[in-house]
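Scroll down for the structure; my scribbles are underneath it.
The values are calculated or read from the model by the stated rules, or taken from the named source; none is laboratory data. These numbers were taken from a predicted model, which means no experiment stands behind them. For neighbour counting, all protein chains shown are included, and Cβ atoms are generated from backbone atoms with ideal geometry for every residue, glycine included. The accessibility values were calculated without ligands, DNA or RNA, using every heavy atom of the protein model including side chains. Shrake-Rupley method; radii C 1.70, N 1.55, O 1.52, S 1.80 Å.
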Amino acid sequence: MKYENDRYTLGGMDVHAICREFGTPLYVYDAAYIAGQVAHFKAAFSGVPARIKYACKACSNLAIIQLMRKLGTGLDTVSPAEIQLGLAAGFKPEEIVFTPNCVDFGEIEQAIETGTVINIESISSLQKFARKYGGAVPICIRLNPNISTQVNSDTVDWWHNQSKFGISRSQLDTVKELEADHDLKINGVHIHSSSVIMSPEIFTAGARTVFDIAAGFKYLEYVDFGGGIKVDVGDGSPVIDLPALGQTLENLYSDFCDRVGRRIEIWFEPGRYLIGNAGVLFAECTVIKKNEAVDFVGVDTGFNHLIRPMFYDAYHDIVNVSNPGGAKHTYTVVGNLCEIDNLGKERRLNQVREKDLIAIKSAGAYGYAMASSYNSRPRPAEVLVMDGQAHLIRRRETYADMIQQMVPLDL
Ligand SMILES: *Cc1c(COP(=O)(O)O)cnc(C)c1O
């Protein structure tokens, strides 16, 4: 979203016009912005043979997945339905990575039958896999990085093994035994870097460790660094310098290639980096309310549609797009659910009037994807702005949609 010629636009279109056409609350995504992020990502890692697998749990609308495919990414999936969406969007099975967590082995078997890239992240699944498939299907092993984010501490505990993700370092011997006994074809090593990617120092240390482990697998074809690259959401918290990270990785990578005597691919699974700042949740101010010292802006959405502020204490920049010239006031922006439902506390907004259009920014990732119909309020519609046109990519949920799945009793 941009402010140009005294008005707010998204993908070159007037935001009021979009919301008049489709109503509020409304998720709107900017295709050009997404394309820009894909291009930035590719440029940052142009020094290594990098592959991008869009982590579609961030925003799993079919049209967004189609767009990613058109932009040349692969796909990272975490459930059978996400694999189905990927196939529906035109991805070939081998372009899809399946990286689930703590799922029934049946889901892994299903993915193998489909032909996706398989990621194994527990000893239990690896044992089942080894017995059933042996070396017939190549697999990627997900390690538990658990790399502490405390850079300045002497007690950086790289592998504190508290998280449920991945296979811990202490179990690597078991992986090696299974590999030898069943002639497993381990061709990938994966860490979902998560907050690790916040700091180049930690990333460097983490990547070194991962390369060291990866060097021990004779069928190795790629190392997958997962996702977790943050974007600037406007709250002043630091974000990584991606080109600098790319340079760091290039150096580590060429050392690695020299050591093992061949070249492998480097995979990433960005979700929020590609789509986070490409999406805005638009809402209408329903009520202005003053309680004691607090000025509230009530809007026609809430944590049913954007759970991140309440669930993760996440910051989303909020803008009154209807009154750019209005005097700044401090408001707390709240949703319309019958429960504590803050979207932004003590924010400086241009004076808000009832019916003003309110933009909640950085809502592209984990926005609609985590939305519910709590309070029996339908989920919003989703719109993709592309080449100067607003495309409805999901219609607004209705009462009929909600009641359809219910089975009433004959009382
Ligand atoms: C969630 C997830 C991602 C994407 O994380 P972002 O923070 O959105 O980049 C990537 N890989 C895996 C395995 C994930 O579970």
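Test each condition in (1) within 17 Å of residue 393 (Cβ to Cβ); (2) in contact with a helix residue (DSSP H, G or I) (Cβ under 6 Å, 6 or more places away or on another chain); (3) of a type outside the set (D, E, K, R) for residue 35 and report the one that comes out false.
(2)
Search the range 385-402 for residues that are over 17 Å from residue 301 (Cβ atoms) and pair each with any residue that is of a type in the set (D, E, K, R) and open to solvent by less than 90 Å² (accessible area, probe 1.4 Å) when their beta-carbon atoms are under 6 Å apart and the residues are at least 6 apart or on different chains.
Pairs found: 385/30; 393/382.
Examine the range 221-231 for a residue that is more than 16 Å from the ligand (Cβ to nearest atom), outside any helix (DSSP H, G or I) and surrounded by 15 or more Cβ atoms within 10 Å (Cβ to Cβ), and state whether such a residue exists.
Yes, the range 221-231 contains a residue that is more than 16 Å from the ligand (Cβ to nearest atom), outside any helix (DSSP H, G or I) and surrounded by 15 or more Cβ atoms within 10 Å (Cβ to Cβ).
Considering the range 90-113 alone, what residues qualify as being under 18 Å from residue 54 (Cβ atoms), more than 14 Å from the ligand (Cβ to nearest atom) and either open to solvent by less than 10 Å² (accessible area, probe 1.4 Å) or not small (Gly, Ala, Ser) (or both)?
Within the range 90-113, 91, 92, 93, 94, 95 qualify.
Restricted to the range 3-60, and to residues that are of a type in the set (Lys, Arg) and assigned by TED's automatic domain parsing to the domain that holds residue 355, which residue is surrounded by the most Cβ atoms within 10 Å (Cβ to Cβ)?
Filtering first and then ranking leaves 7.
Is it the case that the range 321-328 has a residue that's assigned to a loop (DSSP other than H, G, I, E, B), farther than 23 Å from residue 12 by Cα and of a type in the set (Lys, Arg)?
no
From the list 271, 276, 298, 302, pick out the single residue that is in contact with a Gly (Cβ under 6 Å, 6 or more places away or on another chain) and under 16 Å from residue 357 (Cα atoms).
302
Take the residues in the range 284-323 that are of a type in the set (A, V, I, L, M, F, W, C) and closer than 16 Å to residue 374 by Cβ; name whichever of them is most open to solvent (accessible area, probe 1.4 Å).
Residue satisfying both the conditions and the ranking: 311.
Need at least 2 residues that are of a type in the set (D, E, K, R) and modelled with pLDDT of 95 or more per element, so show me which helices (runs of 4 or more DSSP H) inside the range 17-98 make the cut, counting only ones lying wholly within it.
Per the criteria, 62-70.
Please specify each residue of the range 232-245 satisfying the condition of being out of contact with any Lys or Arg (no Cβ under 9 Å at 6 or more places or on another chain) and within 16 Å of the ligand (Cβ to nearest atom).
232, 242, 245
May I ask you to list the residues in the range 159-201 that are in a loop (DSSP other than H, G, I, E, B), open to solvent by less than 70 Å² (accessible area, probe 1.4 Å) and either within 16 Å of the ligand (Cβ to nearest atom) or at pLDDT 85 or above (or both)?
Across the range 159-201, the qualifying residues are 163, 166, 168, 184, 185, 191, 192, 193, 199.
Looking only at residues that are within 14 Å of the ligand (Cβ to nearest atom) and part of a loop (DSSP other than H, G, I, E, B) in the range 349-379, which one is farthest from residue 59 (Cα to Cα)?
362
For the range 340-364, how many residues are in contact (Cβ under 8 Å) with a residue 40 or more places away in the chain and either outside the structural domain of residue 319 (by TED's automatic domain parsing) or β-branched (Val, Ile, Thr) (or both)?
Residues meeting the conditions: 3.
Restricted to the range 261-284, and to residues that are within 16 Å of the ligand (Cβ to nearest atom) and among the small types (Gly, Ala, Ser), which residue is nearest to residue 96 (Cα to Cα)?
My answer is 271.
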